[in-house]
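Everything below concerns the one structure shown next.
The values are calculated or read from the model by the stated rules, or taken from the named source; none is laboratory data. These numbers come from a predicted model, not from an experiment. Cβ placement follows ideal geometry from the backbone for every residue including glycine, while neighbour counts extend to all protein chains displayed.
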Amino acid sequence: MKGRIVRRCSVLLLGLAMSGAAAAAVEGNATLTTDYVWRGSSQSDGDPAAQAGVKLGSERGWYASVWGSGVSFQPDNGARSEFDVVAGWSGALGQDWALDVNLTRYLYPSSNVDLNWTELNSTLTWQQRYWLQVGVSDDALAGGHSGTYAQLGARLPLGEQWRLEAAVGHYWLASAQADDYLHGQLSAVWKVHGPWELRLTAHDTDTAAKRLFPGNAGSRVEFAVQTAF
């Protein structure tokens, strides 16, 4: 029943996004990274990954986007790609505050097991420097149980070309699936030229994450080249 409700909400949000796209703007992004790390755990088994996305947005704040990346899991379940299909709304809540609310569907088309799942996300931002993200799902990580994720982050500009970004996240998972876990990350970002940036990120997790994702959680360093267009 919950799955049907989520699918109906996805269709509704996508329809709203497209109906509000009379004056649509298209944005894109691309990244090459040495390791695709998501919420503290490697999604590429420690190997490099190519990533790209496109977003269609309207003047009213409604948007729809698709983002993709190469993936690899152990034990091997056949998954080689991930696609995140998103529909939502974002806009200002005053001079300093902004809000983004969206429904994200995580898809793994080549997997020989069902890894697809859906999450409702919201991100509150203050002065474009600090953010609080909360994501909820009744099928977290496609495990058949509920989960809530929260992340608190900050962005510190160091002149025109450099900035630091730090975030701490906590994943509350149903006890029937796994233990809750904590992770953190610290990035140094260099704006090389125009939209091109280099990012160096250090990740770490607690021992609960290491038990849940053996070999793919813990301390690791990721280097990425990224651009937006």
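Annotations
Condition check ((1) closer than 21 Å to Leu141 by Cα; (2) modelled with pLDDT of 95 or more; (3) not hydroxyl-bearing (Ser, Thr, Tyr)) across all residues:
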| residue | (1), (2), (3) |
| --- | --- |
| Ile5 | yes, no, yes |
| Ala22 | no, no, yes |
| Ala30 | no, yes, yes |
| Asp35 | yes, yes, yes |
| Gln43 | yes, yes, yes |
| Lys55 | no, yes, yes |
| Gly61 | no, yes, yes |
| Val66 | yes, yes, yes |
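- Any hit, the range 196-213, residues being closer than 19 Å to Gly40 by Cα, aromatic (Phe, Trp, Tyr) and more than 16 Å from the chain's Cα centre (by Cα): yes
- Close pairs from the range 209-229: first surrounded by 14 or more Cβ atoms within 10 Å (Cβ to Cβ), partner among the small types (Gly, Ala, Ser) and in a loop (DSSP other than H, G, I, E, B), Cβ under 6 Å, at least 6 apart: Ala209/Gly40; Ala209/Ala217; Lys210/Ala217; Lys210/Gly218; Leu212/Ala178; Ala217/Gly40
- Residue satisfying condition, being in a loop (DSSP other than H, G, I, E, B) and surrounded by 15 or more Cβ atoms within 10 Å (Cβ to Cβ), within set Ser111, Ser90, Ser69: Ser111
- The one condition from (1) among the small types (Gly, Ala, Ser); (2) under 27 Å from Ala150 (Cβ atoms); (3) in contact (Cβ under 8 Å) with a residue 40 or more places away in the chain; (4) surrounded by fewer than 16 Cβ atoms within 10 Å (Cβ to Cβ) that Gly28 does not meet is (2).
- Against the criterion of being over 22 Å from Glu82 (Cβ atoms) and part of a loop (DSSP other than H, G, I, E, B), Asp179 qualifies.
- Top-ranked residue of the range 182-209 - restricted to ones that are part of a strand (DSSP E or B) and among the aliphatic types (A, V, I, L, M), ranked as farthest from Tyr36 (Cα to Cα): Val192
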